[in-house]
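Below you'll find the structure, written out as structure tokens, and then a few comments.
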Amino acid sequence: MMETIGQTRMNLLLLKRQIQVAERGLELLRNKREALVREFFTMMDRVIESREKMEHAMGQALSSLALALGMEGRAPLRSAGYAAKRNLPIEVTERNVWGVRFLDLHYTPLVRSLDARGYTPSAVSSYIDETAHRFEVVLELILRSIVVEMRLKKLGSEIKRVTRRINALNEVMIPLLRREVRKIRQVLEEREREDLFRMKRFKGKTC
């Protein structure tokens, strides 16, 4: 609720100024929401594409794993997996787009060459190495997908927040300010009529 405003010409001008500022803010928020919605649908397409790639890559990796198990057995796979284990340092940074902060992940390429996996290439079959390669591809796709899906979620939250602010300005604040302007204008007009009536009476008495 707005506090009672003095019904003066100065306050009338101040209220009109507030309406202008609110209307400019409303226009900026609508432009921001439009840009965010465009970005949201772009990211939605990327999420769909990312999930399709992950599903395809995971299918290939599981097929490769099944073949390696059938051809080599569990022990060689377990031994190669132990030799190939590594730490995966991930750096998290922020980017600011339209006043919205998005997280980005930075990491070294996950798909390694045959001689970079920690085991002796000659001691590992092509089935095992192909399986390692396929799962590294899957892991890299997962990390890329995390970034895309986090951004999509953040965009959705920001669109809701901006929409609430637009509704508050458009449906509450600006109409309330306009009602106050009308009230003050009506009071001032009534005062002018009263002043004019008194002046006429005074003029009539002096004639």
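Bear in mind these aren't lab numbers, they're just calculated from the coordinates by the rules spelled out. Model, not experiment: these values are computed from the prediction. Here the Cβ positions follow ideal geometry from the backbone for every residue, glycine too, while neighbour counts run over all protein chains shown.
If packing is taken as the mean number of other Cβ atoms within 10 Å per residue, what is the order of 170-181, 102-113, highest first?
170-181, 102-113
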Given the options GLN18, GLY73, MET43, identify the residue whose Cα lies farthest towards the positive end of the charge dipole of the stretch 11-195 (+1 on Cβ of Lys, Arg; -1 on Cβ of Asp, Glu).
GLN18
Projecting the Cα atoms of PHE135, VAL147, PRO121 onto the charge dipole of the stretch 120-161, where Lys and Arg contribute +1 and Asp and Glu -1 at Cβ, the residue farthest towards the positive end is VAL147
If I model a spin label as a point 7 Å beyond the Cα along the Cα-Cβ vector, how far apart are those points for ILE142 and VAL111 in nm?
1.7 nm
Starting from the Cα of ASN87, step 7 Å along the direction of its Cβ; do the same at LYS153; then give the gap between the two resulting points in nm.
2.7 nm
Förster radius 35 Å - calculated FRET efficiency between ASN11 and ARG161 (Cβ-Cβ, nearest 0.05)
0.65
Once the Cα atoms of helix 174-206 and of the chain are each reduced to a long axis, what angle between those two axes, in degrees from 0 to 90 to the nearest 10, is obtained?
10 degrees
Gained length - ARG24 relative to VAL47, 0.36 nm times residue gap less alpha-carbon distance
4.9 nm
Helix-only CD estimate at 222 nm, as mean residue ellipticity for the chain, using -39500 (n - 2.57) per DSSP H run (n ≥ 4):
-26500 deg cm²/dmol
Calculated P(r) tail over 22 Å for the chain, as whole % of Cα pairs
70 percent
Set Lys and Arg Cβ to +1 and Asp and Glu Cβ to -1, take the dipole of the chain about its Cα centre, and tell me which of THR8, VAL100, PRO175 lies farthest positive.
THR8
Can you tell me the dipole magnitude for the chain around its Cα centre, using point charges on the Cβ only (Lys, Arg +1; Asp, Glu -1), in Debye to the nearest 20?
1980 debye
Based on the Cβ-Cβ distance from TRP98 to ARG178, what FRET efficiency comes out when R0 is 35 Å, to the nearest 0.05?
0.75
Expressed in angstrom and rounded, the centroid-to-centroid distance over alpha carbons for the stretch 114-129 and the stretch 130-145 is 17 Å
